[in-house]
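Q: Below are the structure tokens for one structure; questions will follow.
The values are calculated or read from the model by the stated rules, or taken from the named source; none is laboratory data. The shown structure was predicted, so the numbers you read here are calculated from the model rather than taken from an experiment. Counting neighbours? That spans all protein chains shown, and the Cβs are built from the backbone with ideal geometry, glycine included. These area figures cover heavy atoms from the full protein model, side chains too; ligands, DNA and RNA do not enter into them. Shrake-Rupley method; radii C 1.70, N 1.55, O 1.52, S 1.80 Å.
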Amino acid sequence: MALNEMFVGEIVTELLKQLNAISHKSCFCKSSADNLITSIQELLPIIEELKYSGVELPAFRQSQLNRFSETLRGGIELARKVLESGRWNVYKNLQLVRKMEKLEKQVARFISGPMQAHLLADVHHMRFETMERFNRLEQRLDSMKTGSGRRVEEAVKRMEVEGDSNLGGFSGIGLELGKDKVKKMMIERDDLNVVGIWGIGGSGKTTLANEICRDNQVQSYFNNRILFLTVSQSPDLEQLRAKIWGFITGNEPLNYTRKSQCEWGSGPQALVVLDDVWSLPVLEQLIFRVPTYKTLVISRFKFPRSVVNEVYEVELLEEDESMSLFCRSAFGQNSIPPTANETLVKQVVDECKGLPLALKVIGASLQDQPEMYWINARKRLSRGELICESHENKLLDRMAISVECLKKKVKECFMDLGSFPEDKKIPLDVLVNMWVEIHNIDEEEAFTILMELSDKNLLTLVKDARAGEAYCSYHEICVTQHDVLRDLALHLSNKGEVNERKRLLMPRRDTELPRDWEKNADQPFNAQIVSVHTGEMREMDWFHMEFPKTEVLILNFCSDKYFLPPFIDDMPKLRALIVINHGTTEATLENFSVFTNLANLRSLWLEKVSVPQLSNATVPLRNLRKLSMVLCKVSNSLDPAVLDLPQIFPRLSELVIDHCDDLVKIPLSICKVNSLQSLSLTNCHRLRELPADLGMLKKLQILRLSACPELKMLPPSIGELVGLKYLDISECVNLKCLPKEVGKLVSLEKIDMRDCLQIVNLPTPAALSNLKSLQRVICDDEVFGQWRNLEKIVPNLHVQIAEKWYSLDWLNS
């Protein structure tokens, strides 16, 4: 559906016409109608701008707008009912008033005021900029691969000795804001005895702590009684404890005993700063619970609130702050001097990505160098090459300390992150599937490892409100990672001979495979993970390679046509295949016959591709457990007339189809996949019905149908899903009712039915009384009371009204 068809067609015009009629009629819904008219008229200039811009949005953004259009379509039907309703039918009119008020809230939430609404007008400017921006991001390599002999060594040494103790006169807005926040925690909050500063290595944590210690207000508050200690990874705990106790009490350190802490009452205000803390057990031994004494903890790791009461998270520097810090290191002043090439300086600063450590070291490496040296350095940065070895050895090895302390399995998972493209969000589902297959862990442990890496600043987990809940879906949750940390993963993975590496990775997108791969192709590659990142690949672009031990293959590309690599045939142990197209349209896959020998494949992720036709003649993927198709064209592949799913996927346990707008029906044969435990059909805006025999899936535990606006009913056989534990029908705006057969789901533990606009009445309490396992219901306020009545019958049932929020983050996806 084109954007101008969706908006300008009949939807908005017809809805405004109906709303004006309601307003002029002065009926019971006049107030809601007037508010809706105002909101929609705010949207009209934006609609017109989009209409005449000729924009064709990517599928994901289009699908989000489609969902809003479905809400407006529902508004047209609702308005007609209001106009047709007689004044005498008081009960019906009250129901219509509530529905009009709900529609008004939904539209208002989507627009969220003129400022957010006008973000939509900017979408048309992204059409030609999107690919250029992605290409630029993909070519930009990590800022940490540069250096210049002695100056780099001196800069790193100075950084280590000083502990980032000063910024060379640099005093940015971010630093001041951070300092003010931490000062308020320490000075104005008597209830906070232990305060923390948290951030990645090289982000300026120690710099901030030193600035705080030098602050006149802080020094006055603590009567200049401030002790700064560096803890490090191998601390002498007894010595540190003695120093702290001697400082607090005013006695010599040797007078400290364990008994003395209990005997000490209070003393003058004092602050102890513990820098570079690496573990919770160490920290717990260095904190003394003494009145008037406070502790400031600086660490790369998050600690429990029971130990560190409040934490300030250090943010990376803004553009102007980055420039000032870089110039101080490179030129000895806070701005670009007139004699320097401004464009060139900005390009180098951009590669530093706001990381203070990178800005200082790279700036120092380029100090007093001629312009040609700068140009060469910029080229090497863009190609991911080193200016000299000392930079990598000093800087990346320093960053590697954050990883070496991890448990072996967690470290391996961190290093796996280098397998994914720079500046791209990594779908959490992809990571979880990969880790489950190659690290011998379950999904729960994989999620725990992700949270640990997030807490230690080694990745950023971008999660919605449902992440981490029981039965939550991971495919809309993503992981991001600072380029410095990605390069660290690459640095650790790319050691040793290319044929013997555990991970064979392309650090950036290229037009062809790396030359050292081709040079060594006469010998087998023993990598467990292989990651390829290219543009369009034709058959002639591949060369013969053997991968006898590879278990995970990741294919990232950007094109509308892609020939699958023939060497897949030579991956007998392949367990997980991930195919992601970063282009703007679905890519056609060629050479699908390589699946012939994938007898051990267990997980297949396809994103933004046209899935080839599957038929009974397709070689069965007998061990495939999980199939995910996201933003794909699937109508050809899932032809109900020719497809026998249980024959092709006899052991399939999880099927995910998300944002596949051409899916109208799913094959009837899906009901015979007896092994299926989880079925997710989400954001499929043309899906109209489910198979009548859905109840045959006796092992099904999870059924997600969220955001399928054309779906109008659930089959009565749903009551036969005796093993079903979770049902998600949220945002199915045209679903008419919850069938009474739902009451037969004796194993059901959770229902999510937020934004089901048409469902205003539930089956009778008697029909639902057998839901003894039901523990949680998320619903709208229209049916909240009816579910609450069931709490009297069903023990442990908790009913909650869904949070009301709309996000426009998809505009920046």
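Q: Residue by residue through region 408-456, note down the ones that are closer than 22 Å to Gly199 by Cβ and open to solvent by 20 Å² or more (accessible area, probe 1.4 Å).
A: Matches in region 408-456: Lys411, Asp423, Lys425, Met451, Glu452, Ser454, Asp455, Lys456.
Q: So, restricting to strands (runs of 3 or more DSSP E) that lie completely within region 750-813, which ones have at least 2 residues that are at pLDDT 90 or above and within 21 Å of Thr71 (Cβ to Cβ)?
A: Because the criterion is at least 2 residues that are at pLDDT 90 or above and within 21 Å of Thr71 (Cβ to Cβ), the strands (runs of 3 or more DSSP E) in region 750-813 that meet it are 776-779.
Q: Which pairs have Cβ atoms under 7 Å, sit 6 or more apart or on different chains, and link a residue in region 507-525 that is without any contact (Cβ under 8 Å) to a residue 12 or more places away in the chain to one that is in a loop (DSSP other than H, G, I, E, B) and not charged (D, E, K, R)?
A: Short answer, once both residue conditions are applied: Pro514/Met506.
Q: Can Asn600 be described as open to solvent by 50 Å² or more (accessible area, probe 1.4 Å) and either in contact (Cβ under 8 Å) with a residue 12 or more places away in the chain or within 26 Å of Val673 (Cα to Cα) (or both)? Break it down stepwise before answering.
A: Values: open to solvent by 50 Å² or more (accessible area, probe 1.4 Å): yes; either in contact (Cβ under 8 Å) with a residue 12 or more places away in the chain or within 26 Å of Val673 (Cα to Cα) (or both): yes.
Against the criterion (open to solvent by 50 Å² or more (accessible area, probe 1.4 Å) and either in contact (Cβ under 8 Å) with a residue 12 or more places away in the chain or within 26 Å of Val673 (Cα to Cα) (or both)), Asn600 qualifies.
Q: Within region 392-432, how many residues are modelled with pLDDT under 85 and over 24 Å from Arg509 (Cα atoms)?
A: Result for region 392-432: 13.
Q: Next question. With the checklist (1) in a helix (DSSP H, G or I); (2) open to solvent by 20 Å² or more (accessible area, probe 1.4 Å); (3) of a type in the set (Gly, Ala, Ser) in hand, flag the one item Ser322 doesn't pass.
A: (2)
Q: Now for a separate question. Any residue in region 557-571 that is buried (at least 22 other Cβ atoms within 10 Å of the Cβ), among the hydroxyl-bearing types (Ser, Thr, Tyr) and under 30 Å from Met451 (Cβ atoms)?
A: No, the conditions are met nowhere in region 557-571.
Q: A follow-up question, please. Could you say which residue among His659, His685 is in the same structural domain as Pro715 (by the TED database), on the phi > 0 side of the Ramachandran plot and open to solvent by less than 20 Å² (accessible area, probe 1.4 Å)?
A: His659
Q: For region 476-510, which residues satisfy the criterion of being open to solvent by 20 Å² or more (accessible area, probe 1.4 Å) and at pLDDT below 75?
A: Result: Glu476, His482.
Q: If you don't mind, another one. Among the residues of region 556-579, is there at least one that is in a strand (DSSP E or B), small (Gly, Ala, Ser) and touching a residue at least 24 places away in the same chain (Cβ under 8 Å)?
A: Going residue by residue through region 556-579, those that are in a strand (DSSP E or B) are 556-557, 561-563, 576-579.
If we keep only those that are small (Gly, Ala, Ser) as well, we get 576.
With the extra rule that they be touching a residue at least 24 places away in the same chain (Cβ under 8 Å), the set shrinks to 576.
Scanning region 556-579, I find at least one residue that is in a strand (DSSP E or B), small (Gly, Ala, Ser) and touching a residue at least 24 places away in the same chain (Cβ under 8 Å), so the answer is yes.
Q: Within region 477-502, restricting attention to residues that are among the charged types (D, E, K, R) and out of contact with any Asp or Glu (no Cβ under 7 Å at 6 or more places or on another chain), which residue is nearest to Gly354 (Cα to Cα)?
A: That would be Lys495.
Table: residues versus (1) over 20 Å from Leu458 (Cβ atoms); (2) crowded, with 17+ Cβ neighbours inside 10 Å; (3) modelled with pLDDT under 85; (4) of a type in the set (Ser, Thr, Tyr).
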| site | (1), (2), (3), (4) |
| --- | --- |
| Val297 | no, yes, no, no |
| Arg300 | no, yes, yes, no |
| Arg305 | yes, no, no, no |
| Gly332 | yes, no, no, no |
| Ile336 | yes, yes, no, no |
| Asn341 | yes, no, no, no |
| Cys352 | no, yes, yes, no |
